[in-house]
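Some notes on the structure that comes next.
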Amino acid sequence: MKNPFNTIFGRAALMTTSLLVLAYAAMVFMLGREANQMHAEHASRGIQVVEEARRDGLEATKHIASALGATYLDGGDASSGDGPPSRRETHGLYENALRENLPPGSQVVLSGDTGTVWVRYAGDANWIRIPDATLTEARLHTALALMLALAIAVAFLGAWQAQRPLRRLANAAREFRIGVSTPVVSVSGPREVVELIVSFNEMIREISEYEQERAMMLAGVAHDLRTPLTRMQVRADLLPHSAERMGFLGDVESLGRIVTQFLDFVRDRADGSPLVSVDSFCQSQYGNVPQDGDTESSLVTLDLRTAGHFRLPLVDLDRILANLLENAMTYGEPPVEIATSVQHGKCVLTLRDHGPGIPEDQLEHALQPFVRLDEARGGDAHCGLGLSIVRRLVRRNGGTFCLVNAADGGLLVTLTFPDRA
């Protein structure tokens with residue numbers, strides 16, 4: 001399972017979110033503490049003014065309290081329902097800060113729902129009510145949580161925008177590697193990313209020009225060989241001796257196959273042929289392969305299990321199977337087993353022979369163009385392009401190519417494709 005945080009977007013989002021959460025926790029602690037102390041200090045001054053006015057016997061005590069945003073409650077007012085909801089003191093940050101600024105013995109009760117505080121000054125039987133004295137914890141945490149959510153959303157958006165150019169660059173590099181297209185990445189993002197994308201586009205352009213020149217050269221050589229091969233075939237038919245004629249025609253046919261492989265290798269355009277069922281194609285082409293002499297086993301055996309669900313372009317499929325079968329028949333031993341299946345949502349095509357296989361240290365080397373592991377077979381109409389052509393065609397169709405030695409002998413080729421359905 002892929003780690004969702006092992007990406008630029010995931011790491012940037014995780015780091016930013018972590019910083020915001022830490023900042024949120026620090027702000028809740030520091031802001032709540034500082035705000036409660038500040039509110040408590042202002043409220044204590046107002047309470048002291050009201051209390052001093054009462055002690056001096058001023059009749060304007062209630063007016064002074066009202067001017068300060070408080071309500072002075074005598075015994076009758078407190079008992080009529082304007083008093084504290086409970087005579088039991090509360091001990092939150094705000095209440096404790098307020099007690100520190102009042103004489104010992106003062107009572108403080110805070111309503112957690114409204115933020116209203118009731119204070120009974122030491123030595124006084126009456127209450128002073130201050131509405132909306134402080135933010136309740138619910139209101140404070142709701143406001144800060146909203147700020148945190150907005151900050152995280154902005155952080156995620158910023159991280160997503162920052163990784164988009166790199167994501168496009170990675171997709172373009174993958175497409176170019178598998179031969180799907182020659183992409184040009186749109187230039188955007190920070191300066192360093194812009195410089196990277198510009199360099200990548202220039203590199204792709206230069207490589208593409210080189211590949212086109214090489215392909216044109218190889219295609220031209222291969223095409224020019226067609227005419228003399230045709231003349232050689234005509235002249236071979238005029239030879240009087242049958243053995244010489246057959247040998248000459250065999251050599252011409254071998255050269256023709258080499259030219260065909262060259263043309264297949266340099267062909268760099270996508271296959272526009274219709275999609276066909278791999279099972280149906282294999283059954284029609286290899287379902288009635290003649291028996292190998294007097295043996296009871298067929299040269300090719302089929303185990304098709306996708307029931308038409310597995311589809312590939314006709315020409316590409318024909319070239320893939322033709323090259324794999326030719327390689328298996330030339331270097332391996334029959335029977336060649338062709339199987340299709342659906343595994344974990346992917347369509348899988350496997351082809352296995354029963355030959356000696358390939359040494360483990362040469363498996364990757366065998367996939368390189370123009371590589372022949374057995375140099376003695378170099379003149380047998382093979383130029384080391386078969387597996388390279390297959391791998392290129394598989395990648396072009398979004399698949400993966402795997403070449404291993406089977407556990408009980410033979411070479412096993414596994415082609416995995418996305419489910420086109």
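Just so you know, all these numbers are worked out from the coordinates, no wet-lab data involved. In this text, all values refer to a predicted model and were calculated from it rather than measured experimentally.
Odds and ends about this structure:
- Taking amide hydrogens as placed 1.01 Å from N in the peptide plane, the amide H of Leu312 sits under 5 Å from those of Val276, Val278, each at least 5 positions away in sequence or on another chain.
- Between Gly355 and Glu333, Gly410, Leu411, the built amide H atoms are under 5 Å apart, and every one of these is 5 or more places off in sequence or on another chain.
- Amide H within-cut-off set for Leu385, under 5 Å, with H built and near neighbours excluded: Phe370
- In sequence order, calculated HN-Hα J values of region 318-333 (Karplus, 6.51, -1.76, 1.60; Hz; x Gly/Pro): 4, 5, 4, 5, 5, 5, 5, 5, 4, 5, 5, 6, 7, 10, x, 9
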